[in-house]
Amino acid sequence: MAQPKKPARPAGSMPLARTLGPITDLERHLPSEWWRTLFNSIYLKTDGDVVENDGNTLKEVDLLVSHAGLEKSDRILDLCCGQGRHCIELARRGFTAVTGIDRSRYLVRLARKRARSLGLNITFKEGDARRFQLPPASFDCVALMGNSFGYFDREEDDLAVLTAVRETLASEGAVILDIVDGTWMKDHFERRSWEWIDQSHFVCRERSLAADQRRIVSREVVVHAERGVIADQFYAERLYTEASIRELLEAAGFRGVRLHGKVNADSDRGQDLGMMAHRLFIGATAPRRAKLPPPGPVRARDVTVLLGDPRLPDSVKLEGQFNEADIDTVRKLQRACAEVSGYRFEYFDEHAKLLDRLRNRPPKFVLNLCDEGFRNDAFFELHVAALLEMFGIPYSGAGPQALALCYNKNHVRAIADSLEIPVPGETFVDPDDHLATIPATFPALVKPNYGDSSVGITARALVNNSEELVAYLNEVRTQFPGRPILVQEFLSGGEYTVGLVGNPGMTMTPLPIMEVDYSRLDPGLPPILGYESKWDPASPYWTQLAYREAQLDEDTQRRLVDASTLLFERLGCRDYARFDFRADANGVIKLLEVNPNPGWCWDGKMNIMAGMAGYRYPDFLKMILDAAFERYTAGTATGSPNDTPLPVESLRPATV
């Protein structure tokens, strides 16, 4: 895909951006991972004159087929495939085994939609080009088309991309690179330009060489004719010469590097082509692989399922202990696991013997379903993950840092707010503060700052005046002494849940968005998902609430998934997580909370959403395990959260 030009968002969908004004050093303002999610709908508008140009696509695929010597039966991987234009053209020409991988969820989703509408059978996956997960020797040709190479800060990351490509190529398979001609671009790039990209938007660009003279750093200010500046973005690309890219390919283990020619892009607008103007079309051959013996039978992976301890008290449960319903939930889990292919399970729940087990008979892998916490203390949920890490045992789900962070609702709210994800208004009441400022507006929702499973949130938690507020504050203080309390704006609109299974840069599956159906609830009861709805079968909340697939427009669903993905990365979630949102009276959807390692049981929200997508309970459990093993296989066993968040479109338009 083309060198990105940071897109504006459509008029009315976001507040105006702030511009930095004149600056002298573009490189100083360059984010280290600017490339993460710049490729979205407006990228296709700003760069559409080149990357949505059918003539360019036909010409580039002609070169690929000719110089790679492709046969219709060849297995082809388009790495950094963008919206799938090359994949789709290959499939149109009769190539039957085409796969595309890209980091942008938006572009991958668009590629799938376009291929489906044309009746073309193409596999599209999300993935990081440095560590995409595909079997070794599974492709005859890997192509990086449309100048989608050289985005990373370090040249070592570019080498990692080529190394991953080499591993996925069959013996003597072909790699094709379509990249900017660094020699030409260094001498001819436009330092300043501007152009109209449609009837309402224009873009002003600045470019300069980086201090090391090996990258071009670009800035784009995108402006709406009436509303003003809506984007001020910086990005960069490494300038490879024919000699330097040859050296990098050979360092990655390729041989027979050859320049097939040069590519010049066409443009519908005929103006600034940026980094797409002059490109090199380079090929190389993967090393010959030794002939491997046929694979033997696949051995099931050994998994130890770690659960809460039914022998111990559990203050979260209705009667303070495990009951028959909890035991039945574990039985259903065991029956479902028996249907999960590729894994062999054992179960452990005796916490008094946990340390001895980890020390003397460490499991090969732990499916960590101990969301009750060590010794059934919810404050000690993070301790289970910490113990597994201390003993070097791989496990599923979030690490101790994410579990600790997300347990503090006020911290999650602050992080979401800093990322421009709407959150409800809130007052933090310190446990020693008995003179807290009373909110000016009612109704309000009162809940403990620490906790999950809706503990401390009952029908009385929705307060309508100062008297009710003070009374419930005192009740929560008595039940949870020393615990901070939140007094939160009550959101009266639709309530939605987003479930994600997978990991950023690898396979990530958003489940269908779910909505709480309050239509059958007694009108005299507050419409909230409180403690009674999860733990008290005698409560009307238990019998009168239902869940249904959310009836939201595609754009709203996309923004909710994007916001959840952003939080998943920033908070350090892993393998699966749940994100709860609710709309206010004006339709603005706001974040309620984030749940790493959410409920895994057969009747929990995550499995209900999986069912909406057509997955059975065993399928859902297998998805979690597959995500965890993919993460460990990719070498990210420590699971450190990414430092750089994904930008997310605002959730503040009138429709949300």
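Output yes when any residue across region 69-83 is out of contact with any strand residue (DSSP E or B) (no Cβ under 8 Å at 6 or more places or on another chain) and either of a type in the set (Ser, Thr, Tyr) or closer than 24 Å to residue 266 by Cβ (or both), and no when none is. Checked region 69-83: at least one residue is out of contact with any strand residue (DSSP E or B) (no Cβ under 8 Å at 6 or more places or on another chain) and either of a type in the set (Ser, Thr, Tyr) or closer than 24 Å to residue 266 by Cβ (or both). The selection criterion, being touching an Asp or Glu at 6+ places or on another chain (Cβ under 7 Å) and touching a residue at least 60 places away in the same chain (Cβ under 8 Å), does not hold for residue 342.
For region 564-585, check the following and say yes or no: at least one residue is out of contact with any strand residue (DSSP E or B) (no Cβ under 9 Å at 6 or more places or on another chain), outside any helix (DSSP H, G or I) and open to solvent by 10 Å² or more (accessible area, probe 1.4 Å). Among the residues of region 564-585, at least one is out of contact with any strand residue (DSSP E or B) (no Cβ under 9 Å at 6 or more places or on another chain), outside any helix (DSSP H, G or I) and open to solvent by 10 Å² or more (accessible area, probe 1.4 Å), which makes the answer yes. Examine region 358-373 for a residue that is more than 26 Å from residue 344 (Cβ to Cβ) and crowded, with 17+ Cβ neighbours inside 10 Å, and state whether such a residue exists. Yes, region 358-373 contains a residue that is more than 26 Å from residue 344 (Cβ to Cβ) and crowded, with 17+ Cβ neighbours inside 10 Å.
One residue alone among 167, 190 is within 22 Å of residue 280 (Cα to Cα) and at pLDDT 90 or above, and that residue is 190.
With the requirement that a residue be under 13 Å from residue 510 (Cα atoms) and either open to solvent by less than 50 Å² (accessible area, probe 1.4 Å) or hydrophobic (A, V, I, L, M, F, W, C) (or both), what does region 609-622 give you? 609, 610, 611, 612, 613, 620, listed by residue number.
One residue stands out in region 594-608 among those that are in contact with a helix residue (DSSP H, G or I) (Cβ under 6 Å, 6 or more places away or on another chain) and in contact (Cβ under 8 Å) with a residue 40 or more places away in the chain: the one that is most open to solvent (accessible area, probe 1.4 Å), namely 602. Checked against the criteria, residue 347 counts as within 17 Å of residue 601 (Cα to Cα) and either aromatic (Phe, Trp, Tyr) or crowded, with 18+ Cβ neighbours inside 10 Å (or both).
Condition first: of a type in the set (Asp, Glu) and without any contact (Cβ under 8 Å) to a residue 24 or more places away in the chain. Now tell me which residues in region 273-328 satisfy that.
So in region 273-328, the residues of a type in the set (Asp, Glu) come out as 302, 309, 314, 319, 324, 326, 328.
Within region 273-328, 319, 324, 326, 328 meet the criteria.
Hey, any hits in region 4-11 for a residue that's open to solvent by less than 40 Å² (accessible area, probe 1.4 Å), modelled with pLDDT under 85, on the phi < 0 side of the Ramachandran plot and in a helix (DSSP H, G or I)? Within region 4-11, not a single residue is open to solvent by less than 40 Å² (accessible area, probe 1.4 Å), modelled with pLDDT under 85, on the phi < 0 side of the Ramachandran plot and in a helix (DSSP H, G or I).
Of all residues in region 490-504, those that are within 13 Å of residue 565 (Cα to Cα) and touching a residue at least 40 places away in the same chain (Cβ under 8 Å) have Cβ atoms under 9 Å from Cβ atoms of residues that are polar (S, T, N, Q) and surrounded by fewer than 24 Cβ atoms within 10 Å (Cβ to Cβ), 6 or more apart or on another chain, in 498/557; 499/509; 500/509; 501/507; 501/509; 502/509; 503/636; 504/642. Take the residues of region 278-304 that are small (Gly, Ala, Ser) and either open to solvent by less than 60 Å² (accessible area, probe 1.4 Å) or modelled with pLDDT of 95 or more (or both): which is nearest to residue 188 (Cα to Cα)? Filtering region 278-304 for residues that are small (Gly, Ala, Ser) and either open to solvent by less than 60 Å² (accessible area, probe 1.4 Å) or modelled with pLDDT of 95 or more (or both), the one nearest to residue 188 (Cα to Cα) comes out as 283.
Are any of the residues in region 37-44 surrounded by fewer than 19 Cβ atoms within 10 Å (Cβ to Cβ) and free of Cβ contacts under 8 Å to residues at least 12 places away in the same chain? No, region 37-44 contains no residue that is surrounded by fewer than 19 Cβ atoms within 10 Å (Cβ to Cβ) and free of Cβ contacts under 8 Å to residues at least 12 places away in the same chain. Among the residues making up region 237-247, those that are out of contact with any helix residue (DSSP H, G or I) (no Cβ under 6 Å at 6 or more places or on another chain) and not charged (D, E, K, R) are 243, 244, 245. Selection of region 245-273 for residues being under 30 Å from residue 49 (Cα atoms) and not in a strand (DSSP E or B) yields 245, 265, 266, 267, 268, 269, 270, 271, 272, 273. Return a yes/no flag: does region 243-251 have any residue that is within 20 Å of residue 66 (Cα to Cα) and over 34 Å from the mean Cα position of the chain (by Cα). Looking through region 243-251, none of the residues is within 20 Å of residue 66 (Cα to Cα) and over 34 Å from the mean Cα position of the chain (by Cα).
So is residue 138 touching a helix residue (DSSP H, G or I) at 6+ places or on another chain (Cβ under 7 Å), open to solvent by 10 Å² or more (accessible area, probe 1.4 Å) and under 16 Å from residue 74 (Cα atoms) or not? The answer is yes for residue 138.
In region 144-236, counting only strands (runs of 3 or more DSSP E) that sit wholly within it, the ones holding 2 or more residues that are of a type outside the set (Gly, Ala, Ser), touching a helix residue (DSSP H, G or I) at 6+ places or on another chain (Cβ under 9 Å) and open to solvent by less than 20 Å² (accessible area, probe 1.4 Å) span 169-180, 201-209, 215-224.
Look through 512, 526 and report the one residue that is within 28 Å of the chain's Cα centre (by Cα) and touching a residue at least 12 places away in the same chain (Cβ under 8 Å). Show your work before the answer.
Working: 526 fails: within 28 Å of the chain's Cα centre (by Cα).
Sole residue among the options that is within 28 Å of the chain's Cα centre (by Cα) and touching a residue at least 12 places away in the same chain (Cβ under 8 Å): 512.
Evaluating residue 332 against the criteria (1) in contact with a helix residue (DSSP H, G or I) (Cβ under 6 Å, 6 or more places away or on another chain); (2) surrounded by 13 or more Cβ atoms within 10 Å (Cβ to Cβ); (3) not β-branched (Val, Ile, Thr) leaves one unmet condition, (1).
The values are calculated or read from the model by the stated rules, or taken from the named source; none is laboratory data. Bear in mind the structure is a predicted one, so any value in this text is a computation, not a measurement. So basically every Cβ, Gly included, is an ideal-geometry build from the backbone, and we count neighbours across all protein chains shown. These area figures cover heavy atoms from the full protein model, side chains too; ligands, DNA and RNA do not enter into them. Shrake-Rupley method; radii C 1.70, N 1.55, O 1.52, S 1.80 Å.
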